[in-house]
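The values are calculated or read from the model by the stated rules, or taken from the named source; none is laboratory data. Because the structure is predicted, anything quoted here is derived from the model rather than measured. Glycine also receives a Cβ, built like all others from the backbone with ideal geometry; neighbour counts cover every protein chain displayed. With ligands, DNA and RNA removed, areas are computed over all heavy atoms of the protein, side chains included. Shrake-Rupley method; radii C 1.70, N 1.55, O 1.52, S 1.80 Å.
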Amino acid sequence: MILSEEKKVGVPSWIWKIAALGVFLLMVGGLFYLFQGKEEQETGKRIFICDAETKEGVNFKGTNTLFKNSKTQSDEKAHSGKFSSKTGIGDGLTFGMALDLKNFNSKEVYKITVWRLEDIKSNSGSVAVKANDVEVLYESTNVPTEIGENGWEKLQLTFSVPETEKAIQHIKVETFSDGNRVVYFDDLRVELVEENSVIPNVPVLDLEIKEKGFQKIKIKRQQAFADGLLVTGDDDWVKGKISDEENEEPLDVKLRLKGDWLDHLKGDKWSFRVKVKDPNAWRRLKTFSLQTPETRYFLHEWAFHQCLEQEDILTTRYDFLQLKINGQAKGVYAYEEHFEKQLVESKKRREGPIVKFSEDGFWDTRRRFIKHLGYLVEAKGASPTTFQENAEILPFREKQTIGSESLKPQFETAQNLMYQFTHGVKPASEVFDIERMAKYLALCEAFQASHGIIWHNQRFYYNPVVQKLEPIGFDGFSHEPYVKYYFLGMGASNSANARADDAVQRLFLDEEFTMLYTKYLFKFTSREYLNKFFNSIEGGIAKRRRWLESEYPDYQFKPERFVELAQIIHLQIEPYKQSLKVYTEEDKNGTKSLKINNIHHLPVEIIGYGTNDKSPSNTYAEPIFLQSQPARSHFLRAMHPNFIKEKYG
């Protein structure tokens, strides 16, 4: 009865149908609004896209603008949709889709991406950007940063609109081939990633030094220029105060000049080591360095530190600020954490000693040559004190470490481990956390951040939990990376590379370490890994690049350049078909004795043999291990003018 009454007074079915239709229309309208909003948002961000699908006269109709050369439209190949832009074979360069960039401003940063397909892979297709005056702006690339499906490759180019006395009238983005191959281009995208708006505020650190202390610093600097090197001592410290927006009251500090080479002291941008008086700290740092960004090659060092942190490799905290000394602006500086317990504790490690090789003998030899000859010759090997195995192993915060009941025995253990490794008593796997050590060296290679690997720059943390040493990454760059055809692991496992002056090479005599290093080097130098990493820090890069370019307009940070240089190493890791040379040593009674020689950079394992080049018809119960070809890195490095600076800087 009640149910019957409710049914009688219920809502008619046709009303429910109308309501459902209304909800559906609202949903469609909402989605349309969302997509329109997204398009408007992209338009506001200045994104120009050409997918080659639509023609409008002599132009392609793209997102937000027209692109030139619609006559190159082709339905033969496409990365997306049905069409692409085809450049054929011709006399000289042949051009595909292109964009005349309008309404640009100086210091804006744009990212160009385009997909390329070649009939024969040869890097014949390129993307370029040029101004009406090519001496002011011209950049191009033909090296892919990403490999897609069906042979398509992604090119990427980042450029900054230069600030010139005479305004740039015209900027053109164009795709082209060398005319020797058929090349297809698709999905050209030009995106404004950094506007020429107000530069994001750079954190300001005020440093106050009394006149007497400042004069002492000046005299020390003059002495360094007279000697050719900076030599510091305990009596070089002077008192000062620091303050910033995070501290209501100035903090008492003591400071001195830092840096061995004179690039830390040139002009009016001098480098300092700063210690904050107990019980205070600045940004949770007790001791830190202030130095011109040039000494670590600007933003390259910051990116390297970010990658180390992502891979859980210990590294110093490193970032940028604006420094004022006694009220006078000194421009953008880099600050870097020193080797205190806060470094390891901030990375969730238990307190333990941080150790290093003493540099005293190394620099004494250099000072001797400068003093008596007036210039520096190659000091390596000139004295026993320049060899790593002869250097004393010391802790940071020596007095506190030796005076601590818990840290002193830990340091002694760490010291013994390092001595045992450098003298060949223990293998790498018994001394180091080889997983992290392998990762660290592989990242140094992937980023070309190898300056910190030089023996007197090496720093290690003794982990009392696992009772092994971990590397601490810092000081990766001393100059701009360049094309190189070698890597640390060349000649791995070959005892000819275990030189007394280079304990790093001895790591590769440990098979377990070599396998880990090779695995991570292959991973970290891949396009996929590097593209993912740089995308993850894109926001941090944008802000800091603006800070640096305000003072260093010629410096450019290009993620695609990291990818390009890393690929040169990546391609050398996989064995070549000619990596093994096989010779008949003896042929008797129907049985052949073969001699097999591995000519690859890395060791190989022979798992079997046969006549099928796809898989062996006969396999060994235990693989045969062949050590690698001895490294020829010295010759390869000597070919480049930066060799001396990198090796001995």
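Structure values in brief
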{"read-out": "Sum of side-chain charges, Ala167 neighbourhood, beta-carbon under 14 Å (Lys, Arg +1; Asp, Glu -1)", "value": "-1"}
{"read-out": "Selection from Trp270, Gly228, Pro250, by position along the positive dipole direction of the stretch 199-272 (Cβ)", "value": "Gly228"}
{"read-out": "Whole-percent carbon and sulfur share, accessible surface of the stretch 201-323, 1.4 Å", "value": "46 percent"}
{"read-out": "Protection proxy ranking of 602-613, 213-224, 581-592, 59-70 - average other beta-carbon atoms within 10 Å, highest first", "value": "59-70, 213-224, 602-613, 581-592"}
{"read-out": "Val465, Val238, reordered so the largest accessible area comes first (probe 1.4 Å)", "value": "Val465, Val238"}
{"read-out": "Added length on full extension, which subtracts the Cα-Cα distance from 0.36 nm per residue, Lys241 to Leu594", "value": "119.7 nm"}
{"read-out": "Förster radius 51 Å - calculated FRET efficiency between Leu580 and Val136, Cβ distance, rounded to 0.05", "value": "0.45"}
{"read-out": "Residue-by-residue Karplus 3J(HN,Hα) for the stretch 320-329, coefficients 6.51, -1.76, 1.60, Hz, glycine and proline x", "value": "10, 7, 9, 9, 10, 10, 6, x, 9, 5"}
{"read-out": "Where Ile537, Ile89 fall by accessible area, highest first, once all protein chains stay in place (1.4 Å)", "value": "Ile89, Ile537"}
{"read-out": "Nonlocal amide H pairs with His338, under 5 Å, H built at 1.01 Å", "value": "Thr287, Phe288, Ser289"}
{"read-out": "HN-Hα J in Hz across the stretch 404-417 - Karplus 6.51, -1.76, 1.60, θ = phi - 60°, x for Gly and Pro", "value": "9, 5, 8, 7, 4, x, 5, 4, 4, 5, 4, 4, 5, 4"}
{"read-out": "Ile402 - accessible surface, heavy atoms, 1.4 Å probe, Å² rounded to 10", "value": "70 Å²"}
{"read-out": "Under the Karplus curve 6.51 cos²θ - 1.76 cosθ + 1.60, θ = phi - 60°, whole-Hz ³J(HN,Hα) for the stretch 297-303, x wherever Gly or Pro sits", "value": "6, 6, 6, 4, 5, 4, 4"}
{"read-out": "Formal net charge of residues neighbouring Asn132 (Cβ-Cβ distance under 12 Å; K, R +1; D, E -1)", "value": "0"}
{"read-out": "Per residue value of the accessible surface for the stretch 447-551 (all protein chains in place, 1.4 Å probe), Å²", "value": "33 Å²"}
{"read-out": "Sequence ranges 509-518, 569-578, ranked by mean other-Cβ count within 10 angstrom, highest first", "value": "509-518, 569-578"}
{"read-out": "Cα-based Lys pair tally, the stretch 290-365, threshold under 29 Å, eight or more apart or on separate chains", "value": "4"}
{"read-out": "Net charge, Glu118 excluded, C-beta distance under 12 Å - Lys, Arg +1, Asp, Glu -1", "value": "+2"}
{"read-out": "Residues with amide H under 5 Å from that of Lys55, placed H, sequence gap 5 or more", "value": "Lys61"}
